[in-house]
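Everything below concerns the one structure shown next.
The values are calculated or read from the model by the stated rules, or taken from the named source; none is laboratory data. Keep in mind it's a predicted model, so treat the numbers as computed, not measured. All Cβ positions, even for glycine, are placed from backbone atoms using ideal geometry, and neighbour counts span all protein chains on display. In case anyone asks, the SASA skips ligands and DNA or RNA and just uses the protein heavy atoms, side chains included. Shrake-Rupley method; radii C 1.70, N 1.55, O 1.52, S 1.80 Å.
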Amino acid sequence: MTTALTIAIDGPAAAGKGTLAKRVAAHYGLPYLDTGLLYRAVGKLADDRGVDLDDAEATGAIATELDTSHLDDGSLRGREAGELASRVAVHGAVRTALTEFQRSFAARAEGAVLDGRDIGTVICPQARVKIFVTASAEVRARRRTDELAAKGRDVDYERILAEVRERDARDAGRAIAPLRPAPDAHLLDTSELGIEAAFQAACAVIDRAMA
Ligand code: CDP
Ligand code: CDP
């Protein structure tokens with residue numbers, strides 16, 4: 001029986017997974033892995049090298065040789081890398097190449113928090129706690145727009161909304177590891193929850209699972 005506190009946090013783009021996962025990890029003293037960064041790194045590397053993003057074999061080879069110790073690159077956080085990530089994330093070869101790293105992170109003796117799209121369904125179906133974070137597409141697009149505007153970027157809400165919808169459709173519609181809640185996931189709709197309220201709701205779920 002596994003007693004380590006492994007926490008899987010999944011959900012669509014800009015639902016607030018990362019913000020929540022970081023706070024949860026700090027609160028429970030657990031290591032945190034943003035699995036989206038892995039897909040972003042593969043997408044960006046493929047694009048930089050002029051590799052066709054629809055080529056499963058070539059993008060799979062890039063995922064296989066990915067240096068997972070150098071992922072915190074600021075350039076991976078942007079919208080363009082998110083789009084590249086979701087295009088390479090449809091390939092089984094890419095997903096398989098990234099699985100072992102994620103699973104061994106999740107299997108740490110002290111526990112771990114991972115966020116992504118398929119943590120509760122594929123990477124870590126045995127996770128002690130699974131949380132599926134959602135919010136309406138409009139709320140998520142508004143948050144992204146505000147986030148970018150705060151950084152001084154010139155952004156258009158309607159365009160961000162279209163991008164969010166496109167990414168949702170690709171992530172939920174793909175054949176392999178589509179975005180969907182695990183049957184035993186706790187749904188956390190943050191459409192009307194601020195960061196603090198979402199964090200408190202997640203802690204209540206986690207504390208119950210630990211009791
Ligand atoms: O990781 P993910 O793409 O799911 O989202 P995020 O980067 O954690 O959050 C996207 C934006 O929404 C950030 O600017 C957060 O500060 C904001 N946010 C919010 O306003 N309310 C929440 N309950 C969660 C996040
Ligand atoms: O922060 P945001 O939610 O916008 O994106 P992300 O979590 O960094 O993920 C970028 C893209 O990588 C997603 O749109 C998915 O296509 C893919 N991804 C995935 O397929 N599986 C994961 N576990 C994490 C990300």
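Odds and ends about this structure:
- Those residues of segment 117-130 which are in a helix (DSSP H, G or I) and over 30 Å from Asp146 (Cα atoms), in sequence order: Thr121, Val122, Ile123
- Qualifying residue in segment 143-157 (condition: modelled with pLDDT of 95 or more, open to solvent by less than 50 Å² (accessible area, probe 1.4 Å) and in contact with a Lys or Arg (Cβ under 6 Å, 6 or more places away or on another chain)): no
- Number of positions in segment 136-169 that are among the hydroxyl-bearing types (Ser, Thr, Tyr) and in a helix (DSSP H, G or I): 2
- Taking the criterion of being within 11 Å of ligand 2 (Cβ to nearest atom) and either over 15 Å from Leu33 (Cβ atoms) or open to solvent by less than 10 Å² (accessible area, probe 1.4 Å) (or both), the only residue of segment 124-134 that qualifies is Val133.
- Annotation: Arg180 fulfils all but one of (1) open to solvent by 40 Å² or more (accessible area, probe 1.4 Å); (2) in a loop (DSSP other than H, G, I, E, B); (3) within 16 Å of ligand 2 (Cβ to nearest atom); (4) farther than 21 Å from Ala21 by Cα; the unmet one is (4).
- Condition broken by Arg165, with the remaining ones in (1) in contact (Cβ under 8 Å) with a residue 60 or more places away in the chain; (2) open to solvent by 80 Å² or more (accessible area, probe 1.4 Å); (3) more than 12 Å from ligand 1 (Cβ to nearest atom) satisfied: (1)
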